[in-house]
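Have a look at the structure below before the remarks.
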Amino acid sequence: MEPQLLQQQEEQSQSVSLQDCLKLLKGERDEQRLAGLLLVTKFTKSDDLVSLKAIYDAVGPHFLDRLLRTGLGKGVVSSGNGENRDAYLQLSVTVLSAFCRVPQIASSKEMVSKIPMVLEVMLKESGLPVLEECYEFLYLVSAASEDGLTALYECGGMKLIAGQMSTLSDGSHLMELAMKLVHMMLKKLSQGIIESGHLSELSIIVAKVARQFALLQSALKFEALHLLSAIFSSEYSTLFHDALRDIPNENWSNHIRDGVATILQNRVAPAEKFEALVLAESMVSIKGEGWLIGQVNLPNIQDPIPADRCLLLVLESSRVEVAVLLNDLAYTKYEASKSSSSTAESIISKQQKVTIVFSLVEKIIKLISNIGENEGNPVDESTFIKAINGLNETIGVVLEYLEDAKEHGQKVGNDLLASVRLVGSYLAETPVACKGKIEELLGYLLSVEGEDESGPFYSVCFLLPMLCQMTMEIEGCRLLASSGGYKAVVDCLIKLIEQNRHGVEDNDCVFLACDTIMNFLLKRMQFPFPEDESTFFNLLKALAVWTEKTNDQSVVMMASSICSLVFDLTSENDLLNHPGFSSSCLDSLSRLIARSLASWGQGMSDVAKEDMDLLEIVTAGYSRWADRFPQIRQAVEG
């Protein structure tokens, strides 16, 4: 019975105290109200929302406003003529933060209107008790209404918090509140507002929060993860990449690597592992692929951790994420009911996640490729082999997803295009990988379109490095012919030339496409070459237009060598009789061949010597087909 009696006594005491408070707060004199507020701080529990509401109604917002202004030296309550200003300030902020535990009070216009004064208190007062109450007040008011959050931002809250975060203790309650306030502003305010400034403030915030992310082993570590992920995954993240690069202290990027490694190697929720991958992808974009390799310092672990630990953790987590996301996507697209709008939203969400993880895997491919090419590797052979095996597994999963899409007749989708891009990135480095699957899927891969495309283009561009290497072998040319992929490459080159003429230059893709087509034509006698003259006739027209006004000798030689090989397939009469092929086009081609052959002989320029192999193709071809092209022969020989 004793505990019950104690509880009854406490309730009676609290009831008496509350009644005393209310009597004093309703008094006519300021002295009575001040005494009532002092009782509030001593006897009222912070979770007793009913009592807090009754007390607030009794004292009223007007007196609270006067008390706060007096504490700031902007007004005077009748008791003391403005003396004890610090005590008034402490009291006013304490009761305001207590009252705002009641959501109805926190969301009121009276509380929102006090945000500028509370921010002013924070600028003037460095004392911990006052500062903590100020942060509590701002958090409660901002969480209670959009108006409160907007007022906080518009009154300079982001800048003030950024300036103070560097002085807050690691893992403190103040740090937690500061991080939550920044997170709320980023989540709820529009991109346009953030874009107008605060990039330097965000970089300061990132540097400080990164330290919390690395060092803490509490719930605040995950708060830091959520905030960093929100910053780096937002649309405006790229705007402050330069600001982050300019931070002289590299500790912040090392801290993020430490935090990412800790999250990925422990059992945490899948959503939080994905956020860690978002951070890793962003850091690689900012600092380069080498960021994945570096000393990892984990809390409570004394033994040195290999510098490649983060790389392997990120790769393995990415592999798992790719498998899960693509499996979910395939089920949602092909098995689940398509009538629900939530299904479409789910697909979009998963596609966005796939894009992030694919980007990270693509950067790892680049890193592993560079490691393989350079001496003095920062990773040992065992790690290198693990990375290659992990990438092979990942690409295998992606190819299975594409095969599933093919079987369901799907070839349009940004997720499919991103999958082709990833496969192309890997096969550019290891063209013989997944050989069997590629032979089965090549035609399909070259037919994939993005949602905004009118036909396959980017998928071909992504595969050009692999196709260029593949067609160096007869088997590769045979596959390109049997799959019909040569048509896609020709169409891609025609579009690239068209873009080039309109100022959109992508010379790497242009020359890769040219090399692929040239490889294909050079080996035509060694595999069943398709009887498809019209495809190559269309290419001749594009090459004629491309070279008509160029002074680039390498373009002239590349185009003329392809033309020379195509002329082996036909004659002047057949060309002129082909629909859409005009005599003016033949005139342009005649001038092109004449220009290229004119560079032969003594006094050759250094550029012409560099293109000697192409010149030999044109010269050898001319000797074979000149009799069938009298107009070109006339242009060359005069």
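The values are calculated or read from the model by the stated rules, or taken from the named source; none is laboratory data. Predicted model, so just to flag it, every value in this text is computed and none were measured. Positions of Cβ are generated from backbone atoms using ideal geometry, with glycine treated the same way; all protein chains shown enter the neighbour counts. For accessibility, only protein heavy atoms count, side chains too; no ligands or nucleic acids. Shrake-Rupley method; radii C 1.70, N 1.55, O 1.52, S 1.80 Å.
Here are a few things to note about the model shown:
- Surface composition of region 513-630: carbon and sulfur make up 49 percent of the accessible area, probe 1.4 Å.
- Set of lysines near Lys363 by C-alpha distance (under 21 Å), chain-local residues within fewer than 8 positions excluded: Lys273, Lys287, Lys350, Lys353, Lys386
- Phi-based couplings in Hz for region 451-467 (Karplus 6.51, -1.76, 1.60; Gly and Pro marked x): 5, 9, 9, 8, x, x, 9, 5, 4, 5, 4, 5, 9, 4, x, 5, 5
- Candidate lysines for bridging to Lys549, where Cα separation is under 19 Å - those fewer than 8 sequence places away on the same chain excluded: Lys495, Lys541
- Taking all protein chains as shown and a probe of 1.4 angstrom, Phe511 keeps an accessible surface of around 50 Å².
- Under 5 Å between amide hydrogens, built in the peptide plane, is the criterion, and for Ile305 it picks out Val296 among residues at least 5 positions away or on other chains.
- All aspartates and glutamates inside 18 Å of Lys366 as judged from Cα atoms, apart from same-chain residues fewer than 8 positions distant: Glu281, Glu289, Asp308, Glu316, Glu375, Asp380, Glu381, Glu393, Glu429, Asp508
- Sorting 383-395, 309-321 by their mean Cβ neighbour count within 10 Å, with the most densely packed peptide first, gives 309-321, 383-395.
- Restricting region 434-469 to GluC sites (Glu not before Pro) that sit in a DSSP loop and have at most 14 other Cβ atoms within 10 Å of their own Cβ leaves Glu451, Glu453.
- Using the 1.4 Å probe convention, the accessible area of region 474-545 works out to 45 Å² per residue with neighbouring protein chains retained.
- Sequence of Ile347, Ile231 from largest to smallest accessible area, 1.4 Å probe: Ile347, Ile231
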